Amino acid sequence: MSPIVQQYSAHLPTIPSTAEYPGELGFCVSFGPPTESASKSATWTYSEKCKKLYVNLASFCPIKFKTTVKPPPGSYLRGVAVFKGSTNLHDIVKRCPNHMETSQDGQEKISHFMRSNNPSARYNVCPESGRHSILIPYTGPQVGTEFVTEMFAFMCFSSCPSGPSRRPVEIIFTLEKDGQTLGRQVVEIRVCACPGRDRKSDE
């Protein structure tokens, strides 16, 4: 079992910070080279203009993480979905009942909005706030590359009633070590049937 199990903090603030913080390690998130548009068949696309990720339901999207200084051993990534804006920030982002009922996932992650395809990923529920998060060991980039690439999927449409229910969602990505935040970046997402079309409409 991954060493992250012994090192991560299960606790999350009731209202997590959405302030971006590269920290001393220069932590940042990327989606690759900017694109002017996306085809209608694209499973995901990122708009630099809107600063938003558009992605199909349950389609894995590559998200790249980078630091300018090597993090200490035992560091890990955490992903937390939150509702954007002060009105809904206290609510917990979960899957809607319909998608949970049809899920083939195990009980550990059936209600989690986010998924990772990393076999070392840990699905956590904070015992105090009830917030969901995914934790992944940060191993550093492979030889000849600058970024660590992790694949994430989102398991409800942004429009799902009793789920996101059309409320804007952001993903807070933090780089942590022993419960201390070393860096933080935030990405707004829209989970939809046609990412290319929705991006074009917003732009």
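Laboratory data are not the source of any read-out in this text; all were calculated from the coordinates shown. Nothing here was measured: the structure is a model prediction, and the numbers come from that model. Methodologically, a virtual Cβ is constructed for each residue, glycine included, from the backbone with ideal geometry; neighbour enumeration extends over all protein chains shown.
Observations on the model:
- When the trypsin sites (Lys or Arg not before Pro) in the stretch 102-203 are filtered for DSSP coil states and for at most 15 other beta-carbon atoms within 10 Å of their beta-carbon, the remaining sites are ARG166.
- Order by protection proxy (mean Cβ within 10 Å, highest first), peptides 59-67, 75-83: 75-83, 59-67
- Separation between Cα centres of the stretch 119-146 and the stretch 171-191, rounded to whole Å: 10 Å
- More than 18 Å apart - percent of Cα-Cα pairs taken over the stretch 125-203: 58 percent
- Charge dipole (debye, nearest 20) of the chain; +1 at Cβ of Lys and Arg, -1 at Cβ of Asp and Glu: 340 debye
- Normalised by the number of residues in the stretch 73-203, the mean separation of alpha-carbon contacts (under 8 Å, six or more apart) gives a relative contact order of 31 percent.
- Look at the dipole of the chain built from charges on Cβ: of THR174, THR87, PHE147, the Cα furthest out on the positive end belongs to THR87.
- Ranked by how many other beta carbons lie within 10 Å on average, peptides 49-55, 154-160 from highest: 154-160, 49-55
- Dipole moment magnitude, nearest 20 debye, the stretch 68-175 about Cα centre, only Lys, Arg, Asp, Glu C-beta charged: 140 debye
- The chain, helix-only ellipticity at 222 nm - DSSP H runs n ≥ 4, -39,500 (n - 2.57), divided by all residues, nearest 500: -2000 deg cm²/dmol
- Kirkwood-Stokes translational diffusion coefficient of the stretch 70-140, alpha-carbon pairs, 25 °C, 0.890 mPa s, µm²/s: 180 µm²/s
- A simple count of charges around CYS194, restricted to other residues whose Cβ falls under 11 Å of its Cβ and scoring Lys, Arg +1 and Asp, Glu -1, yields +4.
- Most positive-pole-ward Cα, VAL191, SER17, PRO33, against dipole of the chain from beta carbon charges: VAL191
- Stretching the chain fully between THR181 and SER39 yields a gain of 47.4 nm (0.36 nm per residue, less the alpha carbon separation).
- Per-residue ³J(HN,Hα) for the stretch 74-82, Karplus 6.51 cos²θ - 1.76 cosθ + 1.60, θ = phi - 60°, Hz, x for Gly and Pro: x, 6, 8, 8, 10, x, 10, 8, 9
- Taking SER30, SER39, SER86 in turn, the Gaussian network model of the chain (Cα-Cα springs below 10 Å) assigns the largest fluctuation to SER86.
- Amide H contacts of ARG190 (H built 1.01 Å from N, under 5 Å, at least 5 apart or other chain): LEU53, TYR54, VAL55
- Among the GluC sites (Glu not before Pro) in the stretch 119-171, those placed in a DSSP loop whose Cβ has at most 16 other Cβ atoms within 10 Å are GLU128, GLU146.
- Of LYS49/LYS84; LYS51/LYS177; LYS70/LYS94; LYS51/LYS109, pairs whose Cα-Cα distance is over 23 Å: LYS51/LYS177; LYS70/LYS94; LYS51/LYS109
- Residues of the stretch 144-168 with an amide N closer than 12 Å to a point placed 7 Å from the Cα of GLU101 along the Cα-to-Cβ direction: none.
- Extension gain for HIS90-GLU203 works out to 37.8 nm (0.36 nm per residue, less the C-alpha to C-alpha distance).
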